[in-house]
Amino acid sequence: MSTERVATVVGDLIKRINDAIDEHEVTYDEYHAAMNYLIRLGEAGEWPLFLDVFFEHTVERLNQGEGGTIEGPYYVPDAPWLERPYVLPQRDDEKGDVLILSGTVRSTGGRPIPGAVLDMWQADADTYYSNVQEGPPPYNLRGRMTADDNGEFEVRTIVPPSYHLPRGGPMEELLNAAGWHDFRPGHLHFIVSADGYTPLITQLYFEGDRYLDSDVASAVKPELVLSLRKHDSPEEMEERGLKKPFFTTSHEFRLKPQDG
Ligand code: DHB
Ligand code: FE
């Protein structure tokens, strides 16, 4: 970054924070509480959580726009490559309703993109991300797969219930202190990529989730909210080799061709 850019953006940030301090007549007690808080936030390793919750959505909107949303703090690279039929790695007794997500990866112009890569991750039904929080085995509910020759894919996973941020650290402390809830609607995360296209970072949400309109991370967009169809007839369950009812939904991911 150029000296000029740093001076412009950081200078404006400093000015705006000073303006807020001024306007709200911040006391020395409050100033020291804030300093102590920010130190503890770092010691707890929660800076990525804090920044992604409060600020990533704006950076995302400026840089991706329609069809995308925030990455959040819990992506890990090198998730296992899955084999067809795709099933996101999970425990034998993984909690949650079965979800079969199908869809197509297309260019913004509408052409299917054969072989596009979907890197997918989600929390388990208890809100824990593998490789981040204690509980799930490594790479649980994380995997990479490719779209077929028609740009189509289908993957089985679990319906993600409403999600809350990790608790017990400075992030929860701040949300409690402000009287704000710590929920996000249940979501599936994706990075969808293909040669010649800008990778799309996004999430999918589900109709009926009570936090769609009050996501603590401000990362819901209408085009990312899917409706679930329930299948509970014995024939449908047998056809899928499943012993319990399942849900289906589908989505089209649209990738922007890279310039040049
Ligand atoms: C954030 C985003 C997520 O998807 C998540 O699971 C947790 C936190 C965030 O914006 O910080
Ligand atoms: Fe998440």
Taking region 69-83 only, how many residues are of a type in the set (Asp, Glu) and within 16 Å of ligand 2 (Cβ to nearest atom)? 1
Looking at region 138-152, is at least one residue within 16 Å of ligand 2 (Cβ to nearest atom), polar (S, T, N, Q), at pLDDT 95 or above and in a strand (DSSP E or B)? no
Selection count, region 126-169, where residues are away from ligand 1 (no atom under 14 Å from the Cβ) and either in contact (Cβ under 8 Å) with a residue 12 or more places away in the chain or crowded, with 22+ Cβ neighbours inside 10 Å (or both): 20
Criterion (among the aliphatic types (A, V, I, L, M) and either within 16 Å of ligand 1 (Cβ to nearest atom) or part of a loop (DSSP other than H, G, I, E, B) (or both)) met by exactly one of ALA123, ALA177: ALA123
Scanning region 111-120 for residues that are more than 16 Å from ligand 1 (Cβ to nearest atom) and touching a residue at least 60 places away in the same chain (Cβ under 8 Å), which turns out surrounded by the fewest Cβ atoms within 10 Å (Cβ to Cβ)? GLY115
Out of LEU49, LEU38, sole residue that is within 16 Å of ligand 1 (Cβ to nearest atom) and hydrophobic (A, V, I, L, M, F, W, C): LEU49
Quick one: in region 52-94, which of the residues that are β-branched (Val, Ile, Thr) and within 13 Å of ligand 1 (Cβ to nearest atom) is farthest from LEU174 (Cα to Cα)? VAL76
Within region 62-107, the residues that are crowded, with 19+ Cβ neighbours inside 10 Å, aliphatic (A, V, I, L, M) and more than 30 Å from ASP232 (Cβ to Cβ) are ILE70, ALA79
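The values are calculated or read from the model by the stated rules, or taken from the named source; none is laboratory data. Here the structure is a predicted model, which means the values were calculated and not measured. Please note: Cβ atoms are built from the backbone with ideal geometry, for glycine as well, and neighbour counts cover all protein chains shown.
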